[in-house]
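A.B. asks: Below: one structure in structure tokens.
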Amino acid sequence: MTVQKAIKIIDWWIGQKKQTIQELQNKWLNSDDAYGVEKALLHSEKTIILNLEVIRKELIPNCNHPKKMRDTTADGQVYCMNCNFDL
């Protein structure tokens, strides 16, 4: 799996989690939850989203390598040889 594909999967996963949170909030808007289960679930989902965003941030490098470390693939895509990331 390439880094680009992993980033797309994580973006999709974050979107799914945010959509789930929104749906849960809409369903539980007028409910009476004496035990706090809904708040615990929402907090859990938000924590998962934060973790996924941290992973995504780590996958996208902040390339500050010199231009001499850049190369091009056969189809013309420029990438950094140190980061191994498409620019």
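What follows is calculated from the coordinates using simple rules that are stated; it is not laboratory data. Just so it is clear, the structure is predicted and the values come from calculations on it, not from any experiment. We place every Cβ from the backbone using ideal geometry, glycine too, and count neighbours over all the protein chains shown.
A.B. asks: Can you tell me the order of 69-79, 47-57 when each peptide is scored by its average per-residue count of other Cβ atoms within 10 angstrom, highest first?
C.D. replies: On the way: 69-79: 9.9, 47-57: 13.3.
Ranked from most to least packed, the peptides come out as 47-57, 69-79.
A.B. asks: Grab every C-alpha pair in region 1-68, bin the distances at 10 angstrom width from 0 up to the longest one, and report whole percents.
C.D. replies: 18, 36, 24, 14, 6, 2, 0
A.B. asks: Right, something else. Calculate, in nm to one decimal, what Lys68 and Leu41 gain on full extension: separation in residues at 0.36 nm each, minus their alpha carbon distance. Can you show the working numbers first?
C.D. replies: Details: separation 27, 0.36 × 27 = 9.72 nm, distance 4.92 nm.
Residue separation times 0.36 nm, minus the Cα-Cα distance, leaves 4.8 nm.
A.B. asks: Could I ask something else about it? Treating the angle as unsigned and between 0 and 90°, give the value, to the nearest 10°, between the Cα long axis of helix 37-59 and the longest Cα principal axis of the chain.
C.D. replies: Helix 37-59 sits roughly 0 degrees off the main axis of the chain.
A.B. asks: Given the -39500 (n - 2.57) contribution per DSSP H run of 4+ residues, what per-residue ellipticity at 222 nm results for the chain, rounded to the nearest 500 deg cm²/dmol?
C.D. replies: After summing the helix terms and dividing by residue count, I get -19500 deg cm²/dmol.
A.B. asks: Related question: Once every Cα of region 30-77 carries one equal point scatterer and solvent is ignored, give the base-10 log of I(q)/I(0) from the Debye formula at q = 0.18 Å⁻¹, two decimals.
C.D. replies: -0.76
A.B. asks: State the number of lysine pairs found in the chain whose Cα atoms come within less than 18 Å, restricting to pairs 8 or more positions apart or on distinct chains.
C.D. replies: Count of close lysine pairs: 15.
A.B. asks: Using 20 Å as the cut-off for backbone N distance, which residues of region 45-67 belong to the label zone defined by a point 7 Å from the Cα of Lys17 along Cα→Cβ?
C.D. replies: 45-61
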